Amino acid sequence: MSKKILIVDDEVHIKMLLEQTLEELEDEFEVELFTASDGEEGLDFIRTEKPDLVFLDIMMPKMNGYEVCRTVMEDSELKHIKIILLTAKGQEVDRKQGLELGAKMYMTKPFDPDEILKVSKEMLDL
Amino acid sequence: MAAMSPMTGIFKRTFLLVFCVFGLIAAITSGMAAYFLYERMADEFQSKGLAIAESIAKGSQVVLLTEDASAIQSSIDHFLGIEGVKYIFVMDSRNDVIAHTFVPVMPDALRERSGLRRSAVREIDVQGYGPVMDINAPILEGVAGYVHVGMDMGLLETYFWKVFANMQLVLLGIFLACMVAVYYSVQRIARPLTELSRYAARLAKHDFSAEIDIVSEDEVGMLARTMQSMSQELSALFGEMNAKVEKATEEVRRNLSYRQAIINNLADGLLVTDRDAKITLVNPAMREYFDLRDLECEGELAERYFPEELVSLVVSVQSLKEGVVTAEVPLSGNRTGKALASRIWLDETQEKSLGGVILVRDITHEKALDRLKTEFISTVSHELRTPMTSVLGFTKIIRKKLERDVFPELDPDSEKAARAVEQVQDNIGIIVTEAERLTELINDVLDIAKMESGKAQWRDRLLSMGDVAAHSVRSVRGMCADKGVRVELEVEESLPMVFGDSSRLVQVMVNLLSNAIKFMDEGVITCRVRRQDSFVLVSVVDQGAGIGPDQLPFIFEKFKQVGDTLTEKPQGTGLGLPICRQIVTRHGGEIWAESVAGMGSTFYFTLPIAEDFSENVLVSDEKMNKIVCEEETDILMREGQAMMVETGEEACDMPPLILVVDDDPSLGKYLKQLFRDAGFRVLVAQNGRIALSLARQHLPSLITMDLMMPEMDGKAAIHCLRSNPFTRHIPILVVTALSEADSAGGDAAVLKPVDEEQLLETVNALLRDHDVSRSCIVLGDRASYAFDDDLTVICPNRITFCPPDEVWDHVREGFRGFVFVPSEMAGVFDLEALSRFSGVQVLILPGGEDYK
């Protein structure tokens, strides 16, 4: 069964960058990539498709990353989903808050595509 | 006469004296006069008697011879009528009395015969006649007999007394007349004297308007005039003095009201308290800040009117030796104030202070501005980082795709294509490097902005600069390896600890070291850490190009770089050294550089030795006999423990340390024994202040706190412990006789008298709850973690860093606790095997920005 990765970010370029980075996995392994442009869309997708790994931006319209993360972690059916928070916010509070909410990782922009690949592989046990 | 009273005394005495003297004189005078009269009259009596006797004797010769008695009788009777004659008698030669004037008989005492030829006088006392002068005249030389005439001496005595009495009477009369005269003359002298004395009395009452109407030219008049002129001078003097005093008073009043006006018009709130934390002064701004209006709060305890934050400041300022303490306090109307408290000393030598001065400033606006700034920084950070992500990310993808998919497809024989490939690779490399540099710049700018705005978070604790230096040297080793540069580290032995944020200090050292490496192609960099006075001095000596004297003063300024930026490619952002300076200054140290162009340069920075947290406190407190400490070995063990935590050498399996805070020595001893028997290590403090320093120093696993204590009570101590990020996590068990113990802010409370079982149960429960602080191992090299701040919050004092392969040894030896595995190691490390050990929990640490 193929693994699903969801990218939630309102910035088109970042979404593209992540997509293009992760395309490599699509080719190599059985991985499907999905994208969402805001928190609500992302949450809907997570509920219906239950992806394995979510790259979640924090500052987004409609619903921010923290809320999405909290909602997912409070749902026993979705709890297993690995969430990597992505943000330009680099302050202590944010990091702690993210980890307390149950995110597996916290990556700050700008990130290295290779790092993203590496982390994704680890998270998906590829 | 009341006003005469001072005179009457003198007058009475004078009168008495005069009376006595006069009396004596009078007595002597009259006595003498009477006596002389008496003598005179006695002589007269004698001659009178003699004359009578002789006349009788001559006239009686015939009669005697004829013995005609009756004729004799009649002749002597005739003499009896003369004054003073008492008796006359005539005797014949046979001594028979022929005639006599005695009635009825002649006394026998006179009958003897004298047998004298001549007249004789004798004084005798005759019964019934009193003293008489008996004059005996012979008749015919005694042949015919004798005539005796008796003169009455008693009459003389009567005369004597009469004269004496009369004289006395006359003298008395004279005396009285004199006295009246004296009295009036004394009166005449006394009146002006009384007047003078009244005048003097009024002068004494500072009544200089008094007049005196003595016009006489005598001594009294002179005295009066002298006094008058004296009073005029006094009056002038007093007037002058009064004017001066009034002037001075006016000045003081003006000064006071000036100061009062200053205090009243202070934009900041001012509160002055005495040693007992009672309010002595509150200015209007302060009243406005705390909604006190017109409440009379002077003399009351500060805690009645002010919030807890301010009161604890008032309390803590009492034990302040120098400097100020600050706190943020809530003001009325949802405002925030910053309170600054200092102690009042009258002069420096004084042991005790007069109390504390607290200034409160409304910083609501500043806080809002600050928040805006923080939001701005956060936004800028986001807005800059997002495009940087795209630039850097896409460039890397392009490079990858070109190298993987495009370049191999090109014609390997085409020289043009090969050149293009090379150029494209170069260009992309430049884009990546520049983008990375830009990212670094953004990070540095944000870093320095955060520090300058005071927004940076500092995780201060006791640490050894030796360790920091060692970590830093290790982490720049990679840079050295590429260049043939070697770093040598010299750390002085038994270096005192400093108090600071280790990751920030590593940042400083790494910055200095990498700067040195950057500007050197080969050679040795020497890094020395040693003590200098009350500082730890760190120096980094390189053998690079050095810095010219024209540039040396500016190297710590923002965006200044050594070298000609037009011709040389700048390396770095130009913010490294300013950030270093920010960090060092923040720690209370100094940073500077010395250099000779072409000979290399030396960067120095100092950090103050953590005196408050070093053994000094313990020693001085022990001197004061206030801490009941265990055996010396225990202290050494504890200190060894503290060192171990700091150096992170190995996991510590010592029993938890409990800090017992109680002012009652016997209870302290009892609790100590109790906890020791239960297998804990124990430290005892006798008041809140000592507890604070011990807690900061030893970071105990648990604190038991009495509430009622001298110097600093339990509530204040808990408040301080809770507001310090390093002691905030320590569970506090309140052990008290007060029933409102729960409100003191502890985690749990046990009421005195203590129930042993309940106490131990509570202690164990609290320790279990805080078990997370027991042990944790972090995989990897500490130096690679610039972010251990989070860990210090989770595991405040038990972090051990160790290489992956050593973890297994620890676990097999029975390690229980948390193992943190950085995410990039998660793949290469057998997590499953590790998590199979009981009591071991494995946590993956996020990497991300920390490995940029």
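The values are calculated or read from the model by the stated rules, or taken from the named source; none is laboratory data. None of the values given here were measured: they were computed from a predicted structure. Cβ sites come from the backbone with ideal geometry, for glycine too, and all protein chains shown count toward neighbours. Just so you know, the surface numbers come from the protein's heavy atoms only, side chains and all, with ligands and any DNA or RNA stripped out. Shrake-Rupley method; radii C 1.70, N 1.55, O 1.52, S 1.80 Å.
Scanning region B:203-220 for residues that are open to solvent by 60 Å² or more (accessible area, probe 1.4 Å) and of a type in the set (D, E, K, R) gives B:K205, B:E211, B:D213, B:E217, B:D218, B:E219.
The criterion of being farther than 30 Å from B:I398 by Cβ and more than 8 Å from chain B (Cβ to nearest Cβ) holds for A:S76. Taking only region B:317-348 into account, find how many residues are among the hydrophobic types (A, V, I, L, M, F, W, C) and more than 22 Å from B:A267 (Cα to Cα). Of the residues in that region, 4 qualify. Being assigned to a helix (DSSP H, G or I), charged (D, E, K, R), open to solvent by 50 Å² or more (accessible area, probe 1.4 Å) and within 14 Å of chain A (Cβ to nearest Cβ), is that true of even one residue in region B:381-391? The answer is yes, given that some residue of region B:381-391 is assigned to a helix (DSSP H, G or I), charged (D, E, K, R), open to solvent by 50 Å² or more (accessible area, probe 1.4 Å) and within 14 Å of chain A (Cβ to nearest Cβ). What do you reckon, is B:A248 out of contact with any helix residue (DSSP H, G or I) (no Cβ under 9 Å at 6 or more places or on another chain), of a type outside the set (D, E, K, R) and more than 30 Å from B:L359 (Cα to Cα)? So B:A248 passes the test. Selection of region A:100-118 for residues being within 7 Å of chain B (Cβ to nearest Cβ) and aliphatic (A, V, I, L, M) yields A:M105, A:M107. Residues that are open to solvent by 80 Å² or more (accessible area, probe 1.4 Å), within 14 Å of chain A (Cβ to nearest Cβ) and closer than 30 Å to A:P110 by Cβ: does region B:357-374 have at least one? Yes: region B:357-374 contains one or more residues that are open to solvent by 80 Å² or more (accessible area, probe 1.4 Å), within 14 Å of chain A (Cβ to nearest Cβ) and closer than 30 Å to A:P110 by Cβ. Restricted to region A:9-18, and to residues there that are more than 9 Å from chain B (Cβ to nearest Cβ) and in contact with a helix residue (DSSP H, G or I) (Cβ under 9 Å, 6 or more places away or on another chain), the residue that is least open to solvent (accessible area, probe 1.4 Å) is A:D9. Could you tell me which residue of region B:76-126 is modelled with the lowest pLDDT, considering only residues that are open to solvent by 80 Å² or more (accessible area, probe 1.4 Å) and under 14 Å from B:N136 (Cα atoms)? In this case the residue turns out to be B:R113.
No other residue among B:R696, B:R676 is in a helix (DSSP H, G or I), modelled with pLDDT of 80 or more and among the basic types (K, R) apart from B:R676. Is there a residue being more than 14 Å from chain A (Cβ to nearest Cβ) and of a type in the set (D, E) anywhere in region B:308-315? Checked against the condition, which is being more than 14 Å from chain A (Cβ to nearest Cβ) and of a type in the set (D, E), region B:308-315 yields at least one hit. Output yes when any residue across region B:6-20 is among the small types (G, A, S), within 60 Å of the chain's Cα centre (by Cα), at pLDDT below 80 and open to solvent by less than 40 Å² (accessible area, probe 1.4 Å), and no when none is. Yes, region B:6-20 has at least one match.
Scoring B:L340 on the criteria (1) in a strand (DSSP E or B); (2) touching a residue at least 24 places away in the same chain (Cβ under 8 Å) leaves a single failure, condition (2).
Among the residues of region A:74-91, is there at least one that is closer than 21 Å to B:S390 by Cβ, crowded, with 16+ Cβ neighbours inside 10 Å, at pLDDT 85 or above and in contact with a Ser or Thr (Cβ under 7 Å, 6 or more places away or on another chain)? No. Is it fair to say A:I5 is buried (at least 22 other Cβ atoms within 10 Å of the Cβ), of a type in the set (V, I, T) and out of contact with any Pro (no Cβ under 8 Å at 6 or more places or on another chain)? So A:I5 fails the test.
Checked against (1) open to solvent by 70 Å² or more (accessible area, probe 1.4 Å); (2) β-branched (V, I, T); (3) touching a helix residue (DSSP H, G or I) at 6+ places or on another chain (Cβ under 6 Å), B:V311 passes all but a single condition, namely (1). Of the conditions (1) over 30 Å from B:L402 (Cβ atoms); (2) within 14 Å of the chain's Cα centre (by Cα), A:D75 fails just one. Which one is it? Here A:D75 clears every test but (2).
Of the residues examined, B:L313 is one that is assigned to a helix (DSSP H, G or I), under 30 Å from B:L721 (Cα atoms) and out of contact with any Gly (no Cβ under 6 Å at 6 or more places or on another chain). Checking region A:55-70 against the condition returns a match, with at least one residue being over 30 Å from B:Q457 (Cα atoms), outside any helix (DSSP H, G or I) and more than 8 Å from chain B (Cβ to nearest Cβ).
Here's the yes/no breakdown for (1) open to solvent by less than 20 Å² (accessible area, probe 1.4 Å); (2) closer than 30 Å to B:A53 by Cβ; (3) of a type in the set (D, E, K, R):
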site	(1), (2), (3)
B:N136	yes, yes, no
B:A144	yes, yes, no
B:D152	no, yes, yes
B:T158	no, yes, no
B:K162	no, yes, yes
B:L172	no, no, no
B:Y183	no, no, no
B:I189	no, no, no
B:A201	no, no, no
